[in-house]
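Below: the structure, in structure tokens.
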Amino acid sequence: MSLFDKLKKLVYANNSNAGVIEIIAPLSGDIVNIEDVPDVVFAEKIVGDGIAIKPTGDRMVAPVNGTIGKIFETNHAFSIKSEDGVELFVHFGIDTVELKGKGFKRITQEGQTVKVGDTIIEFDLAMLQQKAKSTLTPVVISNMDEFKELNKLSGSVIVGVTPVLHIKK
């Protein structure tokens, strides 16, 4: 075995990202623990495990390449299934359904194929900060039982750019 072959074997054997699915920030802001969301359904991970984001931007985008499942009639939340089989749910704020769609504008349609960074919903953050119980936005994996491990990242994130979760198959 040549030196090059030995190096190649070492690199691929130690590749910690093998089999890892990366979930990108669906909106800009700061990552918050899912347990800190002021809603028992998210805080106790009834819908799934993940993180929440305290938003600073004005749009929600596709966090993965995949297909839009459901966009709520009030445009405050959506589900998406990735090409890798990850089922994600992104829910802007808490009790935002009570706003009956005010502050949200749907850009993408249900059943549409999207790429990471494609805008799904635009929102008026200033208005929502005044009217919503909370703007913390849960980003959860609803089919976590199909995967081995979830690694939650932290810090400030940029919509469509920064990873927020790593999932191992």
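The values are calculated or read from the model by the stated rules, or taken from the named source; none is laboratory data. Owing to the predicted nature of the structure, the values given are computational and were not obtained by experimental measurement. Ideal geometry is used to build each Cβ from the backbone, glycine not excepted, and the neighbour counts take in all protein chains shown. Ligands, DNA and RNA are excluded from the accessible area calculation, which covers all protein heavy atoms including side chains. Shrake-Rupley method; radii C 1.70, N 1.55, O 1.52, S 1.80 Å.
For Cα extents along the principal axes in Å, the candidate list reads (i) 66, 31, 27; (ii) 61, 37, 25; (iii) 87, 34, 28; the entry that matches the value derived from this model is (i). For the options ILE141, ILE46, ILE120, a Gaussian network treatment of the chain with springs between C-alpha atoms closer than 10 Å singles out ILE46 as fluctuating the most. Solvent-accessible surface of protein heavy atoms, probed at 1.4 angstrom with all chains present, puts GLU149, GLU98 in the order GLU98, GLU149, largest first.
Residue separation times 0.36 nm, minus the C-alpha to C-alpha distance between ASN65 and LYS115: what's the value? If you can, show how the numbers build up before the last one.
Values: separation 50, 0.36 × 50 = 18.00 nm, distance 0.42 nm.
Value of the extension gain: 17.6 nm.
Among the protein heavy atoms of the chain, carbon and sulfur supply 49% of the accessible surface, probe 1.4 Å, non-protein parts ignored. Under a Gaussian network description of the chain, with springs only between Cα atoms under 10 Å, the residue in VAL40, VAL86, VAL140 that fluctuates furthest is VAL40.
Taking the Cα centre of region 87-157 as the origin and placing charges on Cβ (Lys, Arg +1; Asp, Glu -1), which of GLY101, VAL116, SER142 is farthest toward the positive end of the dipole? Among GLY101, VAL116, SER142, the one farthest towards the positive end of the dipole of region 87-157 is GLY101. With all protein chains kept in place, the per residue accessible area of region 70-169 amounts to 51 square angstrom at a probe of 1.4 angstrom. Rounded to the nearest 0.05, what FRET efficiency is calculated for ASP95 and THR162 with R0 set to 22 Å and r the Cβ-Cβ distance? The calculated FRET efficiency here is 0.25.
Can you tell me the dipole magnitude for the chain around its Cα centre, using point charges on the Cβ only (Lys, Arg +1; Asp, Glu -1), in Debye to the nearest 20?
Details: 19 positive and 22 negative charges, 83 e Å.
Approximately 400 debye in magnitude.
Label-to-label distance, ASP84 versus ASP30, with points set 7 angstrom from Cα along the beta-carbon direction: 2.8 nm.
On full extension of the chain, what length is gained from ALA43 through LYS133, given 0.36 nm per residue of separation minus the C-alpha to C-alpha distance?
Working: separation 90, 0.36 × 90 = 32.40 nm, distance 1.50 nm.
That pair, ALA43 and LYS133, stretches by 30.9 nm at full extension.
Build a GNM of the chain with springs between Cα atoms under 10 Å apart, and of ALA132, ALA62, ALA25 the one that fluctuates most is ALA132. Taking each DSSP H run with n ≥ 4 as -39500 (n - 2.57) and averaging over every residue of the chain yields -3500 deg cm²/dmol at 222 nm. Hey, how many Å between the Cα centroid of region 123-169 and the Cα centroid of region 44-91? Region 123-169 and region 44-91 have Cα centres separated by 8 Å.
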